[in-house]
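Input: a single structure, listed below in structure tokens.
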Amino acid sequence: MANTFRRFSVAFSKMSKNAKSAPTDSTTTLADFLQTTKKEYLEAIQETPSRGGEWTVVMGNEAGDLDTMASSIAYAWIESEVHRRPTVPLIPIEREDLDLRAENIYALKQAGISKPREQLLFLTDIPQLKDQDTSFPSQRFALVDHNKIKDRYIHNNPDARVVAIVDHREDEGLYKETALPRIVLPCGSCCSHITASILPSQDKPSGINVTIPRELATLLLCGIMIDTDGLRPGGKALQIDRDAAATLIPISTYAQTITPSLFSTLNSGTKPNGNAVYDEKSMKDLASTLSDKKTDLSHLGTRDLLRRDYKEYDYRVEWLPGAPKIRLGLSTIPVPLKNWAREGTVEKEILLWMKTRGLHIHGAITSFKEKPKKKDKEASVKGKEKEKKGKARREQVWMVVDPAIFENDEQANYSSEGRKIDLEVLSQKLFEDLEKDVSLKLAAHQLVLNKNGVLPSGVNIKVYHQGDPTPTRKHTAPLLKKILTEKASEVAPNGEGSQANGSSPLAQM
């Protein structure tokens, strides 16, 4: 392994001499690092499963977005190349799901990762994941872009521990004794935390002479640009995001695309004034290209949309009879319901997805902008400073299912702890508490699903307009946790009792 690390470092040093190269899609040393690491890790866990314990596995969240993918790749490279610790990035999606995000494919290509299906490690590649009772082959986990490990990785894995966290979401307060670093702070993109706190620089001497691959800087830059809308003023971007982008641009493959004056400023380590990076044409073009690829979903069907940006949560619901374990799924879909939710079809697709995933509750949250009205377009042409881009909108579709309707269906993946629930009690509390939330401002949608009775009894469904489009899934997911676990806090005062399974110390953290 040490020889492999030295071979990578020499290659990186040679690559850094060509500072003016344009963005490239050729196979690069970063791609070689990923493919070699994947190969060595799989050989280790297949030949001698215990050797998996020699590795740290870095995982982003299960939505598999660009920010989470870039952060995990970057963290694994830093651990391997700078700190000489065998580390592999695991992309926590199935290989077939990679094509659901065109923006990921584009950014990976700009970073020289032109054959990601072969070069990246997916859930599909881990043989131990094919059997739910087989323990995961590694015990050291680094979490990026989320801060709570999924049960599957710690089930029957008593030595499992989270050794690092880098995230920008709500802090669940876990792994404080084992995670170092443990960074859970607000920012627009997790890639910004990686750049500011983890990536080696002159300000943070690592003690090891290592050059950052320009392709890696490019990948991190793409993650920041897509999650902050190109560092748009008044948007998600914070100063840490602007500073991170300023650090990455001069060492990325986009260095030659910016104006000489901005390059000189950034290359000297000086932070630019105001919105200089946001106003830079090449950065606007990059952000626009990533956004266009992200929002062009015309080729995807309903099932693809449901799984494209999807997250899953398990909670022990103490206020339901028998305290069952409830599984919740949330899908974020960046197109309006009217574009894909044909009555009679969408209900069946959601129900099939819930059966496959073993879900009791599923929420589909749409996020989009209305096309500007004609008078707004005319006004912008007549001299208004800010062009009208259309109002932001969100909608929500919620379905609650009693697993009993799938009693004799072998494809239904419900755990023994979640097969019996009180559907009406669960549905009533869920819908009432969602409707009471003052931030979401939910109102009944004009689209009525199941009006022709296509769903069986044992299924409840509601569709809403979200009055305030500002709250995202980052608001809705913690709200759902509160709804499902609020009475359980009497049993677990620290609020961390959900997802306990007793198979690992992590399950109790």
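The values are calculated or read from the model by the stated rules, or taken from the named source; none is laboratory data. Quantities reported herein were computed from a predicted structural model and do not represent experimental measurements. Methodologically, a virtual Cβ is constructed for each residue, glycine included, from the backbone with ideal geometry; neighbour enumeration extends over all protein chains shown. With ligands, DNA and RNA removed, areas are computed over all heavy atoms of the protein, side chains included. Shrake-Rupley method; radii C 1.70, N 1.55, O 1.52, S 1.80 Å.
Details
- Condition broken by residue 182, with the remaining ones in (1) of a type in the set (Lys, Arg); (2) crowded, with 18+ Cβ neighbours inside 10 Å; (3) under 30 Å from residue 247 (Cα atoms); (4) in contact (Cβ under 8 Å) with a residue 60 or more places away in the chain satisfied: (4)
- Complete set of residues in region 151-174 that are in contact (Cβ under 8 Å) with a residue 60 or more places away in the chain and touching a His at 6+ places or on another chain (Cβ under 8 Å): 166, 169
- Set 460, 408: member being of a type outside the set (Asp, Glu), open to solvent by less than 50 Å² (accessible area, probe 1.4 Å) and under 22 Å from residue 349 (Cβ atoms): 460
- When region 135-157 is filtered for residues that are open to solvent by 40 Å² or more (accessible area, probe 1.4 Å) and modelled with pLDDT under 95, the ones remaining, listed by number, are 135, 150, 152, 155, 156.
- Looking across region 473-500, the residues that are modelled with pLDDT under 50 and either touching a helix residue (DSSP H, G or I) at 6+ places or on another chain (Cβ under 8 Å) or surrounded by 13 or more Cβ atoms within 10 Å (Cβ to Cβ) (or both) come down to 488, 489, 492, 495, 496, 497, 498, 499, 500.
- Contacts under 6 angstrom Cβ, first residue in region 257-276 being without any contact (Cβ under 8 Å) to a residue 12 or more places away in the chain, partner surrounded by 14 or more Cβ atoms within 10 Å (Cβ to Cβ) and in a loop (DSSP other than H, G, I, E, B), 6 or more apart: 265/272
- Among the residues of region 342-365, those that are on the phi < 0 side of the Ramachandran plot and either open to solvent by less than 10 Å² (accessible area, probe 1.4 Å) or free of Cβ contacts under 8 Å to residues at least 40 places away in the same chain (or both) comprise 342, 346, 347, 350, 354, 359, 360, 361, 362, 363, 364, 365.
- Residue in region 31-38 that is among the basic types (Lys, Arg), surrounded by 12 or more Cβ atoms within 10 Å (Cβ to Cβ) and modelled with pLDDT of 95 or more present: yes
- All positions within region 45-63 that are of a type in the set (Gly, Ala, Ser) and in contact (Cβ under 8 Å) with a residue 60 or more places away in the chain: 52, 53, 60, 63
- Residues in region 51-67 that are under 27 Å from residue 158 (Cβ atoms) and either open to solvent by 10 Å² or more (accessible area, probe 1.4 Å) or assigned to a helix (DSSP H, G or I) (or both): 51, 52, 53, 54, 62.
- Residues of region 87-129 satisfying the condition of being buried (at least 19 other Cβ atoms within 10 Å of the Cβ), farther than 11 Å from residue 34 by Cβ and among the small types (Gly, Ala, Ser): 107
- The selection criterion, being more than 26 Å from residue 270 (Cβ to Cβ), part of a loop (DSSP other than H, G, I, E, B) and free of Cβ contacts under 8 Å to residues at least 12 places away in the same chain, does not hold for residue 148.
- The one condition in (1) of a type outside the set (Val, Ile, Thr); (2) within 22 Å of the chain's Cα centre (by Cα); (3) at pLDDT 95 or above that residue 99 fails to fulfil: (3)
- With respect to the conditions (1) farther than 27 Å from residue 289 by Cβ; (2) open to solvent by 20 Å² or more (accessible area, probe 1.4 Å); (3) touching a residue at least 40 places away in the same chain (Cβ under 8 Å); (4) part of a loop (DSSP other than H, G, I, E, B), residue 132 falls short on a single one, namely (3).
- Taken over region 437-457, the criterion of being over 26 Å from the mean Cα position of the chain (by Cα) and either open to solvent by less than 30 Å² (accessible area, probe 1.4 Å) or within 22 Å of residue 483 (Cβ to Cβ) (or both) is satisfied by 438, 443, 444, 445, 449, 455.
- Looking only at region 321-339, residues that are in contact (Cβ under 8 Å) with a residue 40 or more places away in the chain and crowded, with 19+ Cβ neighbours inside 10 Å come to 8 in all.
- Filtered by the rule that a residue be of a type in the set (Asp, Glu) and open to solvent by 50 Å² or more (accessible area, probe 1.4 Å), region 268-302 gives 279, 285, 292, 296.
- Residue in region 366-375 that is out of contact with any Pro (no Cβ under 8 Å at 6 or more places or on another chain) and surrounded by 17 or more Cβ atoms within 10 Å (Cβ to Cβ) present: no
- Single residue of region 411-428 satisfying the filter (buried (at least 16 other Cβ atoms within 10 Å of the Cβ) and among the polar types (S, T, N, Q)) that is nearest to residue 317 (Cα to Cα): 427
- Count of residues meeting criterion [within 24 Å of the chain's Cα centre (by Cα) and either part of a helix (DSSP H, G or I) or aromatic (Phe, Trp, Tyr) (or both)] in region 396-413: 1
- Residue within region 40-50 that is open to solvent by less than 80 Å² (accessible area, probe 1.4 Å), of a type in the set (A, V, I, L, M) and modelled with pLDDT under 50 present: no
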